[in-house]
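Colleague: Questions regarding the structure given below will be posed in turn.
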Amino acid sequence: MAKVIYSTEANLQDLRLEAAAQEMETGNTTAKYLIGPTETQWNYLLSVMPGILGAVFIYILIKLGLRLHKTRNGTPLKGVPGPWLASCSPLYRFWYAVVKGNFHNDLTDLHRRYGNVVRIAPNEVSIWDPRAVSEIYAHGDRGYAKCDM
């Protein structure tokens, strides 16, 4: 008498497991078949994956935004005028100095646009005032350090 099996996914999975179990019982200690997730389990994983990837993407965007905000505003230089990208990343200076090769021209334009003090990186300021040189390079209260020649 023939056994009638309805081909549902659950029955097929049960038959695969029974066949694998019988094969292991016969003394074969190495598994010949890899029993993995069923098609319905794969479908569930694939249906959940966009949500997981979306949540990870949003998390990364939030972390990046907080990091940019901290880099731009969490410093005493936040009041110094300059380009927005220059206040967030050193990529601005890298682009004009290395890639384009004309940082000196761009620095002149920045000083004409923003004034004598310009922020050119998150932790760098360019000063274009000859009167500030003695204050910047002074040593102690005496001004420039001079040698006895």
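Colleague: When the Karplus curve 6.51 cos²θ - 1.76 cosθ + 1.60 is applied with θ = phi - 60°, which whole-Hz ³J(HN,Hα) does each residue of region 54-67 get, with x for Gly and Pro?
Modeller: x, 5, 5, 4, 5, 4, 5, 5, 5, 4, 5, x, 5, 5
Colleague: A further question follows. Order 132-139, 78-85 from most to least packed using the mean count of other Cβ atoms within 10 Å.
Modeller: Most protected by this proxy first, the peptides run 78-85, 132-139.
Colleague: Something else about it: Where does each of 42-55, 91-104 land if you order them by average Cβ count within 10 Å, highest first?
Modeller: In decreasing order of mean packing, 42-55, 91-104 become 91-104, 42-55.
Colleague: Please check which bits of region 37-79 a label hung off residue 94 would reach, taking the label as a point 7 Å along Cα-to-C-beta and the cut-off as backbone N under 20 Å.
Modeller: 61, 63-73, by backbone N distance to the label point.
Every read-out reported here was derived from the displayed coordinates using simple, explicitly stated rules and does not represent laboratory data. As the structure is a prediction and not an experimental result, all values here were calculated from the model. Quick reminder, even Gly has a Cβ in these numbers, built from the backbone with ideal geometry, and neighbours come from all protein chains shown.
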